[in-house]
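Structure record follows, encoded as structure tokens.
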Amino acid sequence: MRRLAAIMFLLLPLTAAALDAGDRETIRTVVVRQADAWNAHDARAYAALFSDDCDVVNVVGWWWRGRAELEAKLTTAFTQAFRDSRLVFTDVTVRELAPGVVLAHARWTMSGARMPPGMPEPKEGIQTLTLVRQTGQWLISGFQNTLSVPERAFPAAPGSSAPAKP
């Protein structure tokens, strides 16, 4: 047991390095730069924010693998559905998971999208992003985009006295 404690103590400086304020601001900037590239309808600049081997699940649940696929799909999307769209971020939070790996959540709003029939119009949502430090820069490696609706209470079960609170 003492040996394990000594090993843990020696490894602590390697695993407990916290993000500094500069890293946090850089990560927030990477997340928010999505809006700059999106609003310019520049699929290449948008995809450049992601790692080569990224996994992207878009707002309608389509899973794209890799920067090249992301760029190709957005190039097509920017010709029609998102040609006049405007993306704005309203909140970004960052939490370190391990040295060089962070979890970010970003709230967004969008206007101007023209979705095909049967597809939901993306007006607001939340992104979940995993960012990794590669070659000295922070890149988005994992990405899940979800439409958001205001939270409200779930209906109460039959026979219960009050609805469940959110």
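Might you let me know whether region 23-32 holds any residue that is loosely packed, with under 14 Cβ neighbours inside 10 Å, modelled with pLDDT of 95 or more and not in a helix (DSSP H, G or I)? No - not one qualifying residue is present in region 23-32.
The set of residues from region 116-166 being hydrophobic (A, V, I, L, M, F, W, C) and modelled with pLDDT of 95 or more comprises ILE126, LEU129, LEU131, VAL132, TRP138, LEU139, ILE140, PHE143, LEU147. Taken across region 151-164, residues that are under 17 Å from VAL30 (Cα atoms), surrounded by fewer than 16 Cβ atoms within 10 Å (Cβ to Cβ) and either under 19 Å from the mean Cα position of the chain (by Cα) or not β-branched (Val, Ile, Thr) (or both) do not occur at all.
Region 59-166 holds strands (runs of 3 or more DSSP E) entirely within its bounds, and those carrying 3 or more residues that are more than 21 Å from ALA47 (Cβ to Cβ) map to 86-98, 101-111. Scanning region 35-55 for residues that are within 12 Å of LEU139 (Cβ to Cβ) and either in a helix (DSSP H, G or I) or touching a residue at least 24 places away in the same chain (Cβ under 8 Å) (or both) yields a count of 6. Which of the residues belonging to region 23-60 are in contact with an Asp or Glu (Cβ under 9 Å, 6 or more places away or on another chain), of a type in the set (A, V, I, L, M, F, W, C) and under 18 Å from ALA81 (Cβ atoms)? Within region 23-60, ALA43, ALA47, VAL56 qualify.
Might you check whether a residue that is modelled with pLDDT of 95 or more, over 14 Å from PHE143 (Cβ atoms) and in contact with a Gly (Cβ under 8 Å, 6 or more places away or on another chain) occurs anywhere in region 85-92? Yes, there is a match, as at least one residue in region 85-92 is modelled with pLDDT of 95 or more, over 14 Å from PHE143 (Cβ atoms) and in contact with a Gly (Cβ under 8 Å, 6 or more places away or on another chain).
The values are calculated or read from the model by the stated rules, or taken from the named source; none is laboratory data. What you see is a predicted model, and the numbers here were worked out from it, not measured in a lab. Reconstructed Cβ throughout: ideal geometry from the backbone, glycine too, with neighbour counts over all protein chains shown.
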